[in-house]
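Here's the structure we're looking at; comments come further down.
The values are calculated or read from the model by the stated rules, or taken from the named source; none is laboratory data. These numbers come from a predicted model, not from an experiment. Every residue, glycine among them, receives a Cβ derived from its backbone with ideal geometry; neighbour counts consider all protein chains shown. Heads up: the accessible areas ignore ligands, DNA and RNA and are worked out on the full protein's heavy atoms, side chains in. Shrake-Rupley method; radii C 1.70, N 1.55, O 1.52, S 1.80 Å.
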Amino acid sequence: MKHLGDYVLSKESFPKLDAIWKEFKSAVFQKLNEQEKFGRVNKALLKLIEAAPEGSFLLIEVLDFIERINADEILEHYHFNNFELWLNQFSHLDAHANRYIRGKIAGRWVPREAYQGLFPVGMGKVYPGSHFVTAHGSPDLDTTIASFWGWVDAFAARLSEGLHVWNIPGGEPPMQAEVPLLFYNVFGKDVFFHLAKHRTSLSVSGLDLVTQQGVEKKQLKESVFDIDHENGPQAVLLVDSQGFYLGEWRSTDVDRVQSVINLLNQCLRWYENSLHVKLISIFAVEKLTPKELEKFFETALKLKIEECEPAQDFTKKQTELVNDYLHKVLGVKQGLKCSFAEFAKAMTHLKIFDFETFISLIKNAKLFDKKGKLTENRAHIFSYLAEVIGALENAIYTVRQYVDKLDVALQVKTKVLGLQPHYVNYRADLEEIKTKMDGLHYLTVTSSDHNGKIFPIGVIQATEIFKPLLGTVSLRDFSNREETKVPQYLDIISVIDHHKTQLATSQPPVAWISDAQSSNTLVAQQSFKITDLYSTGGMSVAQIESQIKETQKNLKSASSKRILQRLLQKYLVAQRKEAHFVSPQREIVEYFHFLYAILDDTDLLSKISVRDVHCVAELINRLKTLMTGKEVEVIDLDDIPHDENFKKTAAKRILQNDEMYSLYRKVYLAKEKAIEANLKLAAEGKPSSIFDDTKEQNICCRVGQTKLFGKTYPTFAKYASKIRHVWLFAAKKSNEEKSDLDFHLHMISTIPGAEDLYEGKSKQFAHQDEMWIWIPSTEIAVEHLKNFLSSFRLCPAVIDNPMEVEFLGDNAKELKQIFEESFKPIPSKIVKEKLPIAVLRFKAGTINSRKALITPYLPKT
């Protein structure tokens with residue numbers, strides 16, 4: 001590998017996956033239900049992570065595993081957050097082991113306090129709910145990469161008790177040459193599907209609030225008396241033998257259900273006692289005949305339950321409840337009107353035969369001789385009486401044992417009392433959860449298998465959803481609540497941004513806001529600080545010692561002193577006894593990400609701050625060090641005077657460096673081809689990426705930018721008219737959907753090509769860049785346009801910039817008057833093209849930063 005550009009970022013898989021997949025494809029595995037499969041898959045993944053060597057960066061392998069599970073349909077749906085949920089709530093790992101697994105996935109196992117430069121985690125602070133790390137709307141490469149590594153670090157630090165969610169509003173970033181290189185090739189083609197959410201507004205769902213704490217699952221064969229709500233579980237979930245959801249057994253259910261069951265039990269107990277007394281009484285008769293005894297027993301069996309003394313005192317409501325209990329639960333169709341003989345027969349359908357045994361005894365009493373005279377064998381008589389009474393007592397006890405099961409209790413709860421199971425799907429939003437909670441102490445959260453059968457994954461406690469804060473958020477490349485509609489119940493605790501901020505938080509966040517051109521400059525510099533404390537760059541102690549000796553021979557230059565300083569730092573790390581690490585592989589992937597994001601956001605360093613320059617130089621040097629296994633500096637800026645030309649001179653040196661050129665050349669050649677193709681697609685009205693970089697700002701503005709290279713401008717010029725029509729159609733549509741969006745602007749900006757920058761040529765373009773402006777015909781829209789023009793005319797890039805404007809539609813005179821009143825004097829022309837927009841033209845390459853040169857001058861509502 002001669003240059004950095006020759007290095008290929010590629011996917012990797014766990015070893016020995018074939019054996020695991022053989023198990024997943026086996027008939028035994030296929031017979032398992034979805035819950036059991038889910039547990040097996042997660043246990044297998046955990047074992048793979050545990051078996052991997054220390055110092056790994058396993059996110060690549062984990063995402064490959066997830067992609068394979070989905071591709072082979074091993075599980076119905078499998079997302080990275082599913083594994084994290086299992087890791088948190090079902091793996092039974094303690095907090096330390098859990099975080100170590102996270103460290104191996106993230107490629108960075110360091111003390112949690114090391115993340116204090118990124119997140120407020122001092123003094124062991126862990127936040128409730130889930131933590132969201134989000135990019136801004138209409139995500140570009142800069143925000144995508146900054147938020148991605150923000151998520152990796154949040155996941156590794158385990159900021160919250162819940163899940164750690166990476167959010168890219170609206171979906172994956174526009175198809176740029178860097179996206180396959182940095183994401184698809186490394187993390188798989190479905191990385192944005194398996195790893196990220198795509199919410200345009202943040203909100204919590206059932207999955208973010210679910211917990212296993214205080215939850216116990218019970219099967220219906222168990223007794224209600226085995227559950228102690230006061231000293232036992234807070235939430236009892238009822239499941240069948242396969243673990244599928246049936247309902248809940250709440251503390252509030254106990255008395256209500258038991259009161260219904262006890263009403264019938266009272267009747268049975270009264271019947272037992274009454275028969276006991278009467279049986280003794282009848283045998284006290286001086287001359288008892290067989291017919292009298294038979295009539296006695298016949299009367300006892302024909303007695304209806306409603307005739308029992310306790311039933312006589314039932315209220316109307318109690319009568320209805322016991323009737324429903326007998327009919328709907330115990331299968332006694334006659335309800336309270338059934339006789340005890342009919343009740344005994346009904347019990348046989350429930351496999352309770354003891355009542356039949358009792359009836360058989362009283363029908364076959366062998367107490368009389370052939371002449372019908374009662375035997376005088378007292379022992380025989382009392383033995384028979386004891387047997388009859390015992391049989392009845394046993395029958396009633398058996399019934400009570402049966403009805404004390406959770407199976408009957410659940411049926412009484414649902415069929416008699418009408419209390420149906422209360423649950424929500426894990427995707428349910430907060431409003432649905434609050435509505436269904438409706439005074440309950442908890443709500444079951446469920447998922448379903450491919451057959452639609454639901455199973456519980458935990459509960460949401462009522463005390464949790466009414467707390468003022470339900471989760472936390474980290475913002476990357478923006479710092480306001482409006483961009484992704486962050487609700488007040490999510491507290492923003494971490495910000496890295498290079499724009500202005502408008503933010504109020506309930507507690508001190510960690511916020512890095514600077515005037516760097518790229519947010520990834522700030523992200524990279526924070527990453528350097530953590531890495532340098534715990535990384536050896538993959539070097540052994542012997543390698544470091546050898547380089548220290550060699551470097552010490554010549555310390556005349558500032559570069560050699562810096563190299564020695566870094567080697568000494570690595571030597572301290574290597575000598576440290578603490579078992580922490582930063583994976584060299586993670587460093588390589590991370591630095592490539594940061595570098596390409598900065599190049600994209602700075603248009604190949606053509607708009608850049610001093611901070612960006614130094615960061616890019618450091619990224620190149622760090623990458624070369626990691627590739628060669630030797631501490632080096634291939635870019636040195638020491639001899640460049642720190643005057644007003646420093647940025648430009650330093651950027652030129654970096655871009656003409658062979659290592660740097662090897663990185664950006666192939667990407668920017670691919671970009672040129674992509675721009676050509678997308679211009680043609682846009683002109684044909686087909687889906688393209690030309691207008692992907694469009695943002696809604698200040699409520700009333702919709703501002704976009706299309707970047708062209710000099711070589712691609714002829715293609716744009718050829719299709720410009722058609723592309724403007726496509727843009728206007730989209731602008732009008734957005735105004736119809738949101739009437740507040742009444743100021744629409746789109747920039748056509750030319751940026752230098754790779755070859756021009758490497759050769760150091762100061763390219764003077766023959767064409768002009770453009771800015772398209774459209775407003776609907778309303779007074780407020782006119783006011784917004786006038787405000788923009790009045791402010792924009794004072795922009796330094798506008799003051800001495802030769803400009804001209806064309807008005808293409810029926811509203812040309814109105815627009816011309818607005819420009820003459822509110823903008824600096826420039827040549828204007830009316831062109832009859834039936835396109836009601838203004839096209840402002842200016843020197844190519846001079847107004848190419850939306851953030852710095854457009855946003856500060858936009859109107860506000």
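Tabulated data
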| quantity | calculated |
| --- | --- |
| Unique residue being open to solvent by less than 10 Å² (accessible area, probe 1.4 Å), in contact (Cβ under 8 Å) with a residue 24 or more places away in the chain and farther than 17 Å from VAL165 by Cβ when the list is GLY107, GLY39 | GLY107 |
| Any hit, the stretch 234-249, residues being acidic (Asp, Glu), under 29 Å from GLU222 (Cα atoms) and at pLDDT 85 or above | yes |
| Of all residues in the stretch 622-647 being without any contact (Cβ under 8 Å) to a residue 40 or more places away in the chain and under 16 Å from ASP6 (Cβ atoms), the one that is surrounded by the most Cβ atoms within 10 Å (Cβ to Cβ) | VAL634 |
| Members of the stretch 480-534 found to be closer than 19 Å to GLY129 by Cα and open to solvent by 60 Å² or more (accessible area, probe 1.4 Å), listed by number | LYS485, GLN488, SER506, PRO508 |
| Those residues of the stretch 311-337 which are crowded, with 19+ Cβ neighbours inside 10 Å and either touching a helix residue (DSSP H, G or I) at 6+ places or on another chain (Cβ under 6 Å) or among the hydroxyl-bearing types (Ser, Thr, Tyr) (or both), in sequence order | ALA311, LEU321, VAL322, ASN323, TYR325, LEU326, VAL329, VAL332, GLY335, LEU336 |
| Residue within the stretch 415-429 that is part of a helix (DSSP H, G or I) and within 17 Å of LEU326 (Cα to Cα) present | yes |
| Scope the stretch 304-352; condition in a helix (DSSP H, G or I), more than 23 Å from GLN401 (Cβ to Cβ), touching a residue at least 24 places away in the same chain (Cβ under 8 Å) and among the basic types (Lys, Arg); matching residues | LYS337 |
| The stretch 714-767, subset at pLDDT below 95 and of a type in the set (Phe, Trp, Tyr), residue surrounded by the most Cβ atoms within 10 Å (Cβ to Cβ) | TYR758 |
| Residues of the stretch 179-219 classified as over 21 Å from VAL239 (Cβ atoms), open to solvent by less than 20 Å² (accessible area, probe 1.4 Å) and touching a strand residue (DSSP E or B) at 6+ places or on another chain (Cβ under 7 Å), total | 6 |
| Filter result for the condition that a residue is within 38 Å of the chain's Cα centre (by Cα), open to solvent by 20 Å² or more (accessible area, probe 1.4 Å) and either more than 14 Å from GLU631 (Cα to Cα) or modelled with pLDDT under 95 (or both), over LYS577, LYS570 | LYS577 |
| Test set (1) out of contact with any Ser or Thr (no Cβ under 8 Å at 6 or more places or on another chain); (2) under 30 Å from SER147 (Cα atoms); (3) modelled with pLDDT of 95 or more; (4) surrounded by 13 or more Cβ atoms within 10 Å (Cβ to Cβ) - GLY538 fails condition number | (3) |
| LEU681, sole failed condition from (1) open to solvent by 10 Å² or more (accessible area, probe 1.4 Å); (2) outside any helix (DSSP H, G or I); (3) of a type outside the set (Val, Ile, Thr) | (2) |
| Filter result (out of contact with any Leu (no Cβ under 7 Å at 6 or more places or on another chain), over 16 Å from TYR668 (Cα atoms), part of a helix (DSSP H, G or I) and open to solvent by less than 50 Å² (accessible area, probe 1.4 Å)) within the stretch 586-612 | ARG586, GLU590, ASP612 |
| Residues that are of a type outside the set (A, V, I, L, M, F, W, C) and either open to solvent by less than 30 Å² (accessible area, probe 1.4 Å) or on the phi > 0 side of the Ramachandran plot (or both), drawn from the stretch 159-173 | SER160, GLY162, HIS164, ASN167, PRO169, GLY170, GLY171, PRO173 |
| Qualifying residue in the stretch 768-775 (condition: in contact with a His (Cβ under 6 Å, 6 or more places away or on another chain), outside any strand (DSSP E or B) and farther than 20 Å from GLN176 by Cα) | no |
| Residue among PHE297, PHE355 that alone is modelled with pLDDT under 80 and either closer than 16 Å to CYS267 by Cα or touching a Cys at 6+ places or on another chain (Cβ under 8 Å) (or both) | PHE355 |
| Where a residue in the stretch 384-411 is touching a residue at least 60 places away in the same chain (Cβ under 8 Å) and its partner, wherever it lies, is charged (D, E, K, R) and assigned to a helix (DSSP H, G or I), with Cβ under 7 Å and at least six apart | LEU392/GLU272; GLU393/GLU272; ILE396/ARG269; ILE396/GLU272 |
| Members of the stretch 188-211 that are in a helix (DSSP H, G or I) and β-branched (Val, Ile, Thr) | VAL191 |
| Unmet criterion (only one of (1) part of a loop (DSSP other than H, G, I, E, B); (2) at pLDDT below 95; (3) touching a strand residue (DSSP E or B) at 6+ places or on another chain (Cβ under 7 Å)) for GLN35 | (1) |
| Single match in SER822, SER777 (criterion: open to solvent by 60 Å² or more (accessible area, probe 1.4 Å) and polar (S, T, N, Q)) | SER777 |
| Count of the stretch 648-678 residues which are among the hydroxyl-bearing types (Ser, Thr, Tyr) and either open to solvent by 30 Å² or more (accessible area, probe 1.4 Å) or over 24 Å from ASP612 (Cα atoms) (or both) | 2 |
| Qualifying positions in the stretch 63-76 - touching a residue at least 40 places away in the same chain (Cβ under 8 Å) and open to solvent by 60 Å² or more (accessible area, probe 1.4 Å) | ARG68, ASP72, GLU76 |
| Residues (surrounded by 17 or more Cβ atoms within 10 Å (Cβ to Cβ), at pLDDT below 95 and among the charged types (D, E, K, R)) located in the stretch 42-62 | none |
| Qualifying residues in the stretch 146-173 (those that are charged (D, E, K, R) and farther than 15 Å from ILE105 by Cα) - the one farthest from the chain's Cα centre (by Cα) | GLU172 |
| Count of the stretch 77-104 residues which are touching a residue at least 24 places away in the same chain (Cβ under 8 Å), open to solvent by 10 Å² or more (accessible area, probe 1.4 Å) and hydroxyl-bearing (Ser, Thr, Tyr) | 1 |
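Here's the yes/no breakdown for (1) within 30 Å of SER540 (Cβ to Cβ); (2) not in a helix (DSSP H, G or I); (3) not β-branched (Val, Ile, Thr):
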| site | (1), (2), (3) |
| --- | --- |
| ARG622 | yes, no, yes |
| GLU633 | yes, yes, yes |
| ALA651 | no, no, yes |
| TYR661 | no, no, yes |
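Quick grid of which residues meet (1) assigned to a loop (DSSP other than H, G, I, E, B); (2) under 20 Å from HIS725 (Cα atoms); (3) not aliphatic (A, V, I, L, M):
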residue: VAL805; (1), (2), (3): no, yes, no
residue: LEU815; (1), (2), (3): no, yes, no
residue: PHE842; (1), (2), (3): no, no, yes
residue: THR861; (1), (2), (3): yes, no, yes
